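What follows is one structure encoded as structure tokens, with my remarks underneath.
The values are calculated or read from the model by the stated rules, or taken from the named source; none is laboratory data. No experiment lies behind these values; they were computed from the predicted model shown. All Cβ positions, glycine included, derive from the backbone under ideal geometry; neighbour counts span all protein chains shown. These accessible areas exclude ligands, DNA and RNA; they are computed on the full protein's heavy atoms, side chains included. Shrake-Rupley method; radii C 1.70, N 1.55, O 1.52, S 1.80 Å.
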Amino acid sequence: PPHSAFVSSFVCVRSLTLLPSVTLDRSRVSPLWMAPEIIRGKFGLANYGPEADVYSMSIVLWQILSLGELYPGVKRIKVFEGVESGTLRPPIPPEWPEGLGKLLRDGWDDDPKKRPNASEMHARPSCS
């Protein structure tokens, strides 16, 4: 069946260097796009920085490119557990370019310090 996709420009997005971390009540958001460090927050609160946004952006990019459902049939608690433990990430289809798969895997690395920032992701040639 045909699919439609709408892509928006991020020209108006600004750097958040003045706001290096944010406190989030994790009980109010979906675990599907949540970075592991947010899930690991104590007492329902987590401090996180731009690396968590890179994680979420990588998950959303996978969804856009695959047109697939994220973690089909997996219950919410199992998504929390799998993302937190680093054992649950979307599968990279073998027909996708190797560079794209690496870009996504780097973006959802369990260690926030190992994730590229958004500028680094944008600069990478990901379709080779």
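Across region 64-75, coupling constants 3J(HN,Hα) worked out from phi with the 6.51/-1.76/1.60 Karplus curve, θ = phi - 60°, read 5, 6, 8, 6, x, 7, 7, 6, x, x, 8, 5 Hz, and Gly and Pro carry x. The residue list L67, V83, M57 was ranked by how far each Cα lies along the charge dipole of region 57-98 toward its positive end, using unit charges on Cβ atoms, and V83 comes out on top.
Heavy-atom accessible area per residue, region 60-128, 1.4 Å probe: how many Å²?
64
Fully extended, how many nm does the chain gain between E81 and A123 (0.36 nm per residue separation, minus their Cα-Cα distance)?
Here the segment from E81 to A123 would lengthen by 11.9 nm.
How many nm is it between the label spots at V74 and K114, if each spot is 7 Å from the Cα in line with the beta carbon? Between V74 and K114, the label points sit 1.7 nm apart.
Net charge around L100, counting only other residues with Cβ within less than 12 Å of its Cβ (Lys, Arg = +1; Asp, Glu = -1)? Once all neighbours under 12 Å are counted, the net charge is 0.
Once a ≥ b ≥ c are taken as the square roots of the eigenvalues of the Cα gyration tensor of region 39-128, is the result rounded (a/c under 1.5), prolate (a/b larger than b/c) or oblate (a/b not larger than b/c)? In terms of gyration-tensor shape, oblate.
Counting charges near P91 (Lys, Arg +1; Asp, Glu -1) among other residues having Cβ under 15 Å from its Cβ returns a value of 0.
Taking amide H as placed 1.01 Å from N in the peptide plane, the amide H of L88 sits under 5 Å from that of V83, each at least 5 places away or on another chain.
Each residue of region 90-107 is assigned a 3J(HN,Hα), and the resulting list reads x, x, 8, x, x, 7, 6, x, 4, x, 5, x, 5, 4, 5, 4, 5, x Hz, derived from the Karplus form 6.51 cos²θ - 1.76 cosθ + 1.60 (θ = phi - 60°), x at Gly and Pro.
A cut-off of 5 Å between modelled amide H atoms, ignoring neighbours fewer than 5 places along the same chain, links Y48 with V22.
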